Amino acid sequence: MPKNQYFNHEGPWSDATGPLMCTDTGDWRTKRPVVDAERCIFCGFCAIYCPIQVVQMKGESHFEADLGFCKGCGICAQECPKNAISMVSEEEFQS
């Protein structure tokens with residue numbers, strides 16, 4: 001598999017060099033994943049299942065999505081065994 005210039009890791013089923021994978025799409029997302037670091041057990045399922053591979057480790061306590069590339073699909077929230085990820089409407093973050 002070729003080295004990815006955009007993300008630190010690859011998903012098991014895709015190479016993240018395609019145009020959709022590498023396009024900044026954060027501005028059309030309707031919901032964003034919000035991680036409750038207290039509930040996160042650092043299992044990494046969110047990063048493994050993210051189809052765009054934008055979920056990365058934040059320190060040694062939790063994972064977080066790169067919101068510039070996150071499509072807001074919610075797979076990370078669905079796969080989290082501790083329900084530490086909530087999908088929150090982008091309207092709540094508008095100023």
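Nothing in this text is a laboratory measurement; each read-out follows from the coordinates by a stated rule. Note that the structure is predicted; figures quoted are calculated from it, not measured. Neighbour counts run over all protein chains shown; Cβ positions are idealised from the backbone, glycine included.
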Inset, instruction - Give a residue-ordered list of calculated ³J(HN,Hα) values for region 72-79 (Karplus: 6.51 cos²θ - 1.76 cosθ + 1.60, θ = phi - 60°; whole Hz; x for Gly, Pro). - result: x, 6, x, 4, 4, 5, 5, 8
Legend entry - Label-to-label distance, nm, for residues given as Met57 and Met87 (7 Å Cα→Cβ offset): 2.8
Inset, instruction - Sort 82-93, 52-63 for me by packing, meaning the mean count of neighbouring Cβ atoms within 10 Å per residue, highest on top. - result: 52-63, 82-93
